[in-house]
Amino acid sequence: VQLQASGGGLVQAGGSLKLSCVASGRSTRNFVMGWFRQAPGKEREFVAGINSDGASTPYADSVKGRFTISRDNAKNTVYLQMNNLKPDDTAVYYCAVDLRSYRVLGPLRVDYWGQGTQVTVSS
């Protein structure tokens, strides 16, 4: 599976961005997908996950109410809508897939990572 993330960029605090991640190589429609991020000097952390059917979408506490994860299984794509961005959201964002699960309640196990897309939020 190859995961191609896009949509990052530079935005002012309070602004919005929408990240996309397209999977290729095999269908991911039956599996859990999600987003992680890694800020400079910090460990990679879970941001959001989504069930195969989109019915369950756990989030990290730091992004609840501001970020929304969604998916389009027909396009093999997962999205992350990020609103009211803060400087602390600055990081490289990675999409990921767990090919062993169709349901997620929290941070997902990862079988494949995308290449990452940079999000920079200025104050």
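The values are calculated or read from the model by the stated rules, or taken from the named source; none is laboratory data. Since this is a predicted model, take the numbers as computed values, not measurements. FYI the Cβ positions are ideal-geometry reconstructions off the backbone, even for glycines, and counts take in every protein chain you see. Keep in mind that these areas ignore ligands, DNA and RNA; they rest on the heavy atoms of the full protein, side chains included. Shrake-Rupley method; radii C 1.70, N 1.55, O 1.52, S 1.80 Å.
Observations, loosely collected:
- Every residue from region 20-50 that is more than 14 Å from the chain's Cα centre (by Cα), touching a residue at least 60 places away in the same chain (Cβ under 8 Å) and open to solvent by less than 70 Å² (accessible area, probe 1.4 Å): Thr28, Phe31
- Cβ-Cβ under 6 Å pairs, at least 6 apart or on other chains, region 104-123 side under 27 Å from Leu10 (Cα atoms) and open to solvent by 50 Å² or more (accessible area, probe 1.4 Å), far side outside any loop (DSSP other than H, G, I, E, B) and of a type in the set (Ser, Thr, Tyr): Trp113/Tyr94
- In region 1-19, residue surrounded by the fewest Cβ atoms within 10 Å (Cβ to Cβ) [restricted to those that are assigned to a loop (DSSP other than H, G, I, E, B) and among the aliphatic types (A, V, I, L, M)]: Ala13
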